[in-house]
Each structure stands twice: as structure tokens, then as C-alpha cells.
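Have a look at the structure below before the remarks.
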Amino acid sequence: MTPSSLARGGLDLGGTKIQAVVTGRAAKVVGHARRDTPRRGGAEAVVRDLAITIREAAADAGLRLSELGGVGVGVPGEIDMGEGTVTQVANIEEWEKEYPLAAELSNALGGLPVSLGNDVTVAVEAERRYGAGRGLRSFLGVFWGTGVGGGLVVDGRLLRGRGSAGEIGHVCVKSGGRRCACGLRGCLEAYAGRAALEQRARREARRRKTVLFDLMRQRGRDRLTSGIWLRALDAGDAVARDLLDDAVAALGVGIGSAVTLLDVEAVIVGGGLGERLGPSWLKRIEKAARPHTFFHTRPVYRLAELGDMGGAIGASLLVPARRGA
Ligand SMILES: [Zn+2]
């Protein structure tokens, strides 16, 4: 291939990490880089680090930045795609107001075109075209990580609604239940998201024995990553087990209800926890969803295929394809 005519940059901006990829034909990753999301300095610091990370990914691919057709960014928040602005952002510290991310990042990249999309939406689109959703006319994507993101493919296309369709993490699984970060009560995310699980684990740790926070300190982390939850399970930790059992029960209610409503062919589960916990936990989620699903509408359950680069690969698809791509 001639990289210059096909290569596109993709950036996945997360609450903890920035992942960058350069993709070639059929969204194949030809270069990548990753760094921590800055905790200080707000949007300006984020732009600086996004630019550094995509430059590193281009270098990893053996390309100059100017050889990319453009850069797409998946942002955890609401986007005005026409204006190229981020109107609301979740989980990025010190970033509080609307910000012209596309223009500022383009400036930092010597005028390279920049397109924005929602992080979960682009990850679902990547799975639809190149991952576990290939060949499916309909599926529900569930990204089980810090929060619980979701996206819907119906009749072969991503369903956007008026901009926020597919928010499975904020369907109610318990009326009048726990307060969610979004402001509503009883959301799936308030029972299953890693951030909510960590809050509950901290409370449980005051009265029950758990290795969760010992593992966190041993590994030099300041939060309970998906890997730490997995290690605690392997060590037979009852608190980790109980909290994840509750999370699975909540996922079952939310996903099962959505399946009954939408009659999708498949449920595709990804995200940090989904990936780390793997096939046996996917089976548990399926089992937990069954009582909430009509027998004749049961979908297949699959793990997402593109892994932790899926969001960045999806973001690269925001860059308009050139001839031959
Ligand atoms: Zn919510």
C-alpha cells in the first residue's frame, strides 16, 4: 500500500488513558502509542498530549504526520460535530466548559484535518465494520468499564436517535435506587460501573476483609483497575466476588430489558472489565439477562474483538476515506 493515501489517525480520549493508532487499509493498525490522560491543565493540556500521542503513533508507523489523511478523536462526552466542539465532557479533570477541540488540535498538528465523535459510538462502529459485529444487521454494544457505555446497531446502521441513543448504562435497573454520576437514580452504571464498584468496595472494606486495596497499593495504582478486580477474584476475595455478582445481576436486568425492547441479533460486550473478565463472565451476564428476555428473542452474546484499541480504531474511521481506502 502507499501509506500516504490510506493512513488515518485515531485517538481515543479516556478518563485515564489516551490511546492513539494509525490505521491503514481495512482499519488495520500500523502504528500505536499510549499515555496517561493529564490530570491538570484541562482542555489545553489534553490537546497538547493528544498531539504528542498521535505524533508518536505516526512515528511508530514510520510515517510523517503530514502523510495522514486526518485524525479522528473519540471523546467521552457530547459533541457538536458540525462545529467541531465538545459541548460536555465526562471524567476529564479540570475540563469544564465547551471547547473547540477540532480546531485547537488541528492547529497543534500543523493544520491536519480533525474530526470528532463520541467515544462509545466510534467503538461500536469499529466493532460493526471490523470486529464482533461484522455481518450483523443488529446488535447492542455494551462497554463495561469505568462507566457502562452502550451503542445500538439497528437495520445495519448505528442508531443515533437525537444524539444519545444507546445509553444502556443509564437505563433504570432499580427504581429509586443508587444515585448515578449522571444525576438520575437507579442507573445500571451506578451498580455495575467500575467507579461505582470502587466506591462500594471502599465502604465494604471498613467492615469486611478484602485484598482489593492491598493489590492496588502493591501495584502502585490509585484506583481499582479491571486487572486488580480480576486478581482479587483469583485470590478468592469475597468482597470482589459479591460486588461483581451484583454488577452482573444489574447488567442482566438492563441488557435483558433492552433485548426484549429491541430484538437485536447479538449483544457484544467490551470495555476494560468485559475484556478482563472474559468468556465465563459473559456467560454469567447472558444467564442474568435470560429471565428478562422473551424466549424467542434470545440473542447471541459475544465479546468485543478489537480490544482496548477499538475506540481509537473507530475514531480513525471518522476521517473521510480517500479513494481506494
Ligand atoms: Zn446514570
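When you scan the range 195-205, do you find a residue that is in contact with a Ser or Thr (Cβ under 8 Å, 6 or more places away or on another chain) and within 14 Å of the ligand (Cβ to nearest atom), even just one?
yes
Looking at the range 152-190, which of its residues are within 16 Å of the ligand (Cβ to nearest atom), touching a residue at least 60 places away in the same chain (Cβ under 8 Å) and not small (Gly, Ala, Ser)?
Across the range 152-190, the qualifying residues are 168, 171, 173, 174, 188.
Are there any strands (runs of 3 or more DSSP E) wholly within the range 18-131 with 2 or more residues that are in the same structural domain as residue 149 (by TED's automatic domain parsing), and if so which?
Counting at least 2 such residues, we get no strands (runs of 3 or more DSSP E) at all.
Can you pull out every residue in the range 132-158 that is touching a strand residue (DSSP E or B) at 6+ places or on another chain (Cβ under 9 Å) and not in a strand (DSSP E or B)?
132, 133, 136, 137, 138, 145
Just checking: which of the helices (runs of 4 or more DSSP H) contained wholly in the range 166-279 hold 2 or more residues that are surrounded by fewer than 16 Cβ atoms within 10 Å (Cβ to Cβ)?
Of the helices (runs of 4 or more DSSP H) lying wholly inside the range 166-279, those with at least 2 residues that are surrounded by fewer than 16 Cβ atoms within 10 Å (Cβ to Cβ) span 194-204, 212-218, 226-234, 238-262.
The values are calculated or read from the model by the stated rules, or taken from the named source; none is laboratory data. This structure is a prediction, so every number in the text was calculated from the model and none was measured. With ideal geometry, Cβ positions are generated from the backbone for all residues, glycine too; neighbour counts draw on all protein chains shown.
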